[in-house]
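Before any comments, here is the structure.
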Amino acid sequence: MLLLTLVIVGTSLGLAVKTPVYPVQIRSVVSKMTAACQKALEERRSRVEVELPPAVDWGVEMKKQSSSGAPSGTTGNAEKIKKSNREAARLFTEMFSMLQTTTVVLFPTELEALEARSAWSSFKGQVLSLEASSKPAKGYSKLRSRRFTAEEQEAVLLSSDGVYIPDGCEVLIVAGPRAKDYKQLRKICVERLTDETCVINLNGRFEAVRASEGAEGDKHKWYEDTFQNVFHYSPPALSDKALGARELLLYHEGPGAKWLLGEKVKKEGGVLGAIAKALENPFETRGTWDAKPTAEEMAQALAITVA
């Protein structure tokens, strides 16, 4: 009641009290992401992209204790990113809880898939990996023989592209694919699955993939023509050297919404500062676009030079 009174008083005095557009609490991010994905599904979009910040702890899995008594999560940044991708994928399986039995989560490696199977004891769908067509690594066959049925292994051997997707799959969540995985992703999404299967590319970092591989003709056109971003909540693809200490967020909240480039700023104190903090809006908008902005467009909005 006090907060509502302050907002009403501030508005009546002509003070600038903006409606927040950048969620900062995890529950708010998940809520808006869910709403954006539901809208995309209602519009019958079956190839969607979601980008979330790397290495975020979504609080889905309980922290495990190591033998030394320290949390096992205190590992390198690469492991934190994998855990974050796994937790985000689990959020999506809950989002599609009514379709869990026909949901498949596809990880880049069999080790990541094994970690997910171990952590998701209640998940009723299937957890697979893109490594099925790769040369088996040491110990890989033992992992597969413990986790895959004979029918699945046979399907992999007979498959032209080496990736097993079970019949009847209605939701396919591809969690954190690497640059080299996009070739198989194309086969799955363009050649194998129909529009009846919803494919979610979760944290695929396509901009980084395209930048690392270079613009080679129409190599990436299939992805841009096939997938549409429905939720983006992640730092922009700009170099740390150009940004310095600036904290930025590229935000897109569903089909038809604007792309917003926000910068985290220190809010003033007093009543207005308390209102801004309570409304979860620590960002100020530096740029707005109808389509995803390029690095050059974002640099221009920020008055910086792209290296």
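Quick rundown of the values:
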read-out: Pairs with Cβ under 7 Å, 6+ apart, first in the range 117-143 and at pLDDT below 90, second hydroxyl-bearing (Ser, Thr, Tyr) and surrounded by 13 or more Cβ atoms within 10 Å (Cβ to Cβ); value: 131/109; 132/164
read-out: Inter-residue pairs, beta-carbon under 6 Å, first in contact (Cβ under 8 Å) with a residue 60 or more places away in the chain and assigned by TED's automatic domain parsing to the domain that holds residue 129 and in the range 79-96, second part of a helix (DSSP H, G or I) and surrounded by fewer than 18 Cβ atoms within 10 Å (Cβ to Cβ), 6+ apart; value: 95/34
read-out: Selection count where residues are in a helix (DSSP H, G or I) and at pLDDT 50 or above, scope the range 144-158; value: 8
read-out: Selected residue (criterion: modelled with the lowest pLDDT) from residues of the range 280-300 that are crowded, with 16+ Cβ neighbours inside 10 Å and among the aliphatic types (A, V, I, L, M); value: 295
read-out: Filter pass, residue 169 being more than 16 Å from residue 113 (Cβ to Cβ) and crowded, with 17+ Cβ neighbours inside 10 Å; value: no
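To keep it simple, each residue is scored yes or no on (1) crowded, with 19+ Cβ neighbours inside 10 Å; (2) at pLDDT below 90.
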{"site": "194", "(1), (2)": "no, no"}
{"site": "201", "(1), (2)": "yes, no"}
{"site": "235", "(1), (2)": "no, no"}
{"site": "250", "(1), (2)": "yes, no"}
{"site": "253", "(1), (2)": "yes, no"}
{"site": "257", "(1), (2)": "no, no"}
{"site": "269", "(1), (2)": "no, yes"}
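The values are calculated or read from the model by the stated rules, or taken from the named source; none is laboratory data. Since this is a predicted model, take the numbers as computed values, not measurements. Neighbour counts are summed over all protein chains in view; Cβ atoms, including those assigned to glycine, are modelled from backbone coordinates with ideal geometry.
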